[in-house]
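Data first, discussion second: the structure below is written as structure tokens.
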Amino acid sequence: MAQIIDGKAVSAAVKEEVAKETSRLKDEKGLKVGLAVVIVGNNPASRVYVNNKKKACEAVGFQSFEYAMDEDTTQEQLLDLVNVLNRDARVNGILVQLPLPAHIDEKAVINAISPEKDVDAFHPVNVGKIMIGEYAFLPCTPAGVMRLIASTGVDITGKQCVVIGRSNIVGKPMAMLLLQQNGTVTICHSKTKNLKEVCLGADILVVAIGRAKFVTGDMIKEGAVVIDVGMDRDEEGKLCGDVDFESAEKKAGYITPVPGGVGPMTIAMLMKNTLTAAKQQAGLE
Ligand code: GUN
């Protein structure tokens, strides 16, 4: 039976570290840390995410600035706001909640965010830095996954690492981070032919394919570390991951639950990135 990786506990530890450092910076340097969160339109899931981000800011001692814009906001208006935030010294990090309404070009908006304030690490400059291993910010979800793997004490060096999913936000950067930690990395996706076989070779399996209970116990190597990035709904509408937890926990050595695994890590790593941004902008890092 697998050991459950407790994402809530690990994320609480990350937020605690951030809160301590934030308080120290305030006391010793008079430095305040601020995150701007921009939401456009009325997507209910985005509203929940943004509220959670604001709450996390409060918990670690950051200022948060919310900009809620109407659904019919033009791209130009949004770009104008981003430019204002790029110049606002109170704002160390800028997060534009995605998805944006269809009439706005997400790439144009991401490209407009100053790379120094791009705490999502979505800007091409930051994506490129990840490729060459010289990054300031890591994208929040892959960074959270790395922290969860570290919490197991399993050394990635020399291990067979399999990532299922090739998105720009999770799959691709995930593979890069595992590679930097000396893993032997395979990226699988919806067109991979011998998926089960590849998965069975994985010492570390990260699943981010967006299909409910896609990975089952018979695809998992005995004792593997299994990280489930999915946020799906099962046949009964219940929240579940990309991994069939019930069968997978019988094979895995360590496994993340959904909810309570990767989910809480993303916001914790966002807080960490925002703190890093503030320190860099103050010339402290
Ligand atoms: N929408 C869903 N996840 C994310 C995220 O990590 N960052 C942003 N900006 N939008 C999101």
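If you take the residues of segment 31-43 that are away from the ligand (no atom under 13 Å from the Cβ) and out of contact with any Phe, Trp or Tyr (no Cβ under 7 Å at 6 or more places or on another chain), which of them is nearest to Val96 (Cα to Cα)? Before you say what the answer is, go through the steps one by one.
Within segment 31-43, the subset away from the ligand (no atom under 13 Å from the Cβ) is 31-34, 42.
Applying the additional criterion that residues be out of contact with any Phe, Trp or Tyr (no Cβ under 7 Å at 6 or more places or on another chain) yields 31-32, 42.
Values: Leu31: 24, Lys32: 21, Asn42: 14 Å.
My answer is Asn42.
Taking only pairs six or more apart or across chains, which ones have beta-carbon atoms under 8 Å, a first residue in segment 179-206 that is within 21 Å of Gly153 (Cα to Cα), and a second residue that is at pLDDT below 95 and not in a strand (DSSP E or B)?
So the pair list comes out as Gln180/Gly133.
Just to be sure I understand the filter: pairs with C-beta atoms under 9 Å, separated by 6 or more residues or on different chains, first member in segment 135-157 and free of Cβ contacts under 8 Å to residues at least 24 places away in the same chain, second member within 15 Å of the ligand (Cβ to nearest atom). Which pairs pass?
Once the first residue is free of Cβ contacts under 8 Å to residues at least 24 places away in the same chain and sits in segment 135-157, its partners that are within 15 Å of the ligand (Cβ to nearest atom) give Tyr135/Ala121; Tyr135/Asn126.
Quick grid of which residues meet (1) in contact with a Leu (Cβ under 6 Å, 6 or more places away or on another chain); (2) farther than 30 Å from Asp232 by Cβ:
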site	(1), (2)
Val18	yes, no
Lys26	no, yes
Gly30	no, yes
Val38	no, no
Arg47	no, no
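Quick test for you: out of Arg24, Arg90, Arg47, pick the one residue that is touching a residue at least 40 places away in the same chain (Cβ under 8 Å) and of a type in the set (D, E, K, R). Don't jump to the end; show me each part of the working.
On the way: Arg24 fails: touching a residue at least 40 places away in the same chain (Cβ under 8 Å); Arg47 fails: touching a residue at least 40 places away in the same chain (Cβ under 8 Å).
None of the others qualify; the one that does is Arg90.
I need a count of the residues in segment 207-239 that are touching an Asp or Glu at 6+ places or on another chain (Cβ under 8 Å), under 22 Å from Gln3 (Cα atoms) and either touching a residue at least 60 places away in the same chain (Cβ under 8 Å) or aliphatic (A, V, I, L, M) (or both).
Counting residues in segment 207-239 that are touching an Asp or Glu at 6+ places or on another chain (Cβ under 8 Å), under 22 Å from Gln3 (Cα atoms) and either touching a residue at least 60 places away in the same chain (Cβ under 8 Å) or aliphatic (A, V, I, L, M) (or both) gives 8.
For segment 125-141, check the following and say yes or no: at least one residue is more than 16 Å from the ligand (Cβ to nearest atom), of a type outside the set (A, V, I, L, M, F, W, C) and touching a Gly at 6+ places or on another chain (Cβ under 8 Å).
Checked segment 125-141: no residue is more than 16 Å from the ligand (Cβ to nearest atom), of a type outside the set (A, V, I, L, M, F, W, C) and touching a Gly at 6+ places or on another chain (Cβ under 8 Å).
Quick test for you: out of Ser11, Ser64, pick the one residue that is more than 30 Å from His103 (Cβ to Cβ) and of a type in the set (Ser, Thr, Tyr).
Details: Ser64 fails: more than 30 Å from His103 (Cβ to Cβ).
The unique qualifying residue is Ser11.
Any residue in segment 111-134 that is in contact with an Asp or Glu (Cβ under 6 Å, 6 or more places away or on another chain) and either among the polar types (S, T, N, Q) or touching a residue at least 60 places away in the same chain (Cβ under 8 Å) (or both)?
yes
Go through (1) surrounded by 23 or more Cβ atoms within 10 Å (Cβ to Cβ); (2) within 15 Å of the ligand (Cβ to nearest atom) one by one and return the number of the condition Asn92 breaks.
(2)
Taking the condition within 30 Å of Gly153 (Cβ to Cβ) and part of a helix (DSSP H, G or I), does Ala12 pass?
Numbers: within 30 Å of Gly153 (Cβ to Cβ): yes; part of a helix (DSSP H, G or I): yes.
Yes, satisfied.
The values are calculated or read from the model by the stated rules, or taken from the named source; none is laboratory data. In this text, all values refer to a predicted model and were calculated from it rather than measured experimentally. Methodologically, a virtual Cβ is constructed for each residue, glycine included, from the backbone with ideal geometry; neighbour enumeration extends over all protein chains shown.
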